[in-house]
């Protein structure tokens, strides 16, 4: 299985990047490509800029999507929605190809320092992504990232850890079938 993993934040110290990489590493017998949204610094989308042509980075990103069997995406939340950097990449990609995700399987994640764990942005993606041909297999929200996650130990809360492990097994079985 080929997994594409990234966090939907352009912060160099993104907790969502760390979380996406951690979750992707929990799948067995896989090849994981890790992308950093920071590396996809694109001009702000506008119809006028589109007329000038698509930035090469858009095509490169879409090639990574095309090669993946599963996309593990952890969504950062800014003011209840996508980060500006992710929304801009998504806007460019949806103009590049309307059915942006071409029936790709997704495991959508979100985390935040707060108690809601990015549930607002996760809900927005659960609603929007299928309209762009994403096959969302499951989702998981991790609240209070600093209290519930350790890079060395993973998820610290036993019930949250068990829930994530169950979802990973489910997603793995769905992708393998």
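Nothing in this text is a laboratory measurement; each read-out follows from the coordinates by a stated rule. These figures come from a predicted structure and were not determined experimentally.
Worth pointing out:
- For residue 28 and residue 161, the difference between the fully extended length at 0.36 nm per residue and the C-alpha to C-alpha distance is 46.2 nm.
- When the alpha-carbon atoms of the range 2-176 are used, the pair Rg, Dmax equals 15.5, 52 angstrom.
- Crossing angle, helix 15-25 versus the chain [Cα axis fit, 0-90 degrees, rounded to tens]: 70
- Principal-axis tilt of helix 119-128 within the chain, Cα atoms, nearest 10 degrees: 50
- Using alpha-carbon coordinates, inclination of helix 158-176 to the longest axis of the chain, degrees: 50
- Helix-only CD estimate at 222 nm, as mean residue ellipticity for the chain, using -39500 (n - 2.57) per DSSP H run (n ≥ 4): -12500 deg cm²/dmol
- Within the chain, percent of DSSP bridges classed antiparallel, to nearest 5: 10
- Once C-alpha pairs closer than 8 Å and six or more residues apart are averaged by separation and normalised to the residue number of the chain, the relative contact order reads 22 percent.
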